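K.L.:
I am attaching a structure below and will ask some questions about it afterwards.
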Amino acid sequence: GGPNLLFKTTDGGTTLTQVHTGAYAFDRVQFLSEDVGYGFSRTLTFKTANGGQTWEKVTTPPNTRYVHFINQNEGWVVTLVPGTGYEIKRTVNGGKTWANMLSVKSATVVGGQIYGTEESNVWVVLYGDSGMSQTSYSLFHTSDAGAHWKQLVSNSTA
């Protein structure tokens, strides 16, 4: 019932120190190093370069629903295109510009997730309709930084 809190440990969790995120309540965080990290809300992305002492907004495309940075320059987003589906976009300059790398038609746009540890090898899960305790989804993969994509799984049981 209280605010989201972010804690830092340098000794495997024996001691924890609260990291102040200001007025931002992050749904998810991703740290690339002790100092550089990202905080994500449903629609906004923030970056810290000093271990969370200060946070600056990172520009993402309209209707962004998921962001994943590989390093400080290269990142990926899932964006919703109402009435059309999804677009997967990539930045190579820390979020200053975003290029569309994949468009997926979908009658229902709920959101998705992105996984990857290097810019060329990225996995994207996109979600669709839900019903009867099931959610439809599709899994896409690129091994060449988004030049080519392969749909590996499509489950439309909802």
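The values are calculated or read from the model by the stated rules, or taken from the named source; none is laboratory data. The model shown is predicted, which means the values in this text are computed figures rather than measured ones. So basically every Cβ, Gly included, is an ideal-geometry build from the backbone, and we count neighbours across all protein chains shown. Quick note on the areas: whole protein, heavy atoms, side chains included, nothing else; ligands and nucleic acids left out. Shrake-Rupley method; radii C 1.70, N 1.55, O 1.52, S 1.80 Å.
K.L.:
What is the sum of charges, Lys and Arg at +1 and Asp and Glu at -1, for the other residues whose Cβ falls under 14 Å from the Cβ of T64?
P.N.:
So the environment of T64 carries a net charge of +4.
K.L.:
I'd like to know which of I70, V124, V81 lies farthest towards the positive end of the charge dipole of the chain, counting +1 on Cβ of Lys and Arg and -1 on Cβ of Asp and Glu.
P.N.:
Comparing the listed Cα positions along the dipole, V81 ranks first.
K.L.:
For the stretch 27-70, which whole-number percentage of the solvent-accessible area (1.4 Å probe, protein heavy atoms only) is attributable to carbon and sulfur atoms?
P.N.:
46 percent
K.L.:
Most fluctuating residue of E119, E56, E87 in a GNM of the chain with Cα springs under 10 Å: which is it?
P.N.:
Per the Cα network of the chain with a 10 Å cutoff, E56 tops the list.
K.L.:
Picking from D11, D144, D35, which is most flexible by a Gaussian network model of the chain using Cα springs under 10 Å?
P.N.:
D11
K.L.:
So if I place +1 on the C-beta of Lys and Arg and -1 on the C-beta of Asp and Glu, and nothing else carries charge, what would the dipole magnitude of the chain be about its Cα centre? I want it in debye, nearest 20.
P.N.:
With Lys and Arg at +1 and Asp and Glu at -1, about 400 debye.
K.L.:
If you don't mind, another one. Leaving out ligands and nucleic acids, note down the accessible area per residue over the stretch 65-140 with a 1.4 angstrom probe, in whole Å². Please report the intermediate quantities before stating the final value.
P.N.:
Details: 3690 Å² over 76 residues.
Per residue, the stretch 65-140 has an accessible area of 49 Å².
K.L.:
Which residue, Q18, Q72, Q30, tops the fluctuation ranking in a GNM of the chain built on C-alpha contacts under 10 Å?
P.N.:
Q18
K.L.:
Give me the mean projected area, in nm² to one decimal, of the convex hull enclosing the Cα positions of the chain.
P.N.:
Averaging across all directions leaves 10.9 nm² for the Cα convex hull.
K.L.:
Any chance you could list P(r) for the stretch 60-100, counting all Cα-Cα pairs in 5 angstrom bins from zero, rounded to whole %?
P.N.:
Cα pair-distance distribution for the stretch 60-100, in percent: 6, 28, 34, 19, 8, 4, 1.
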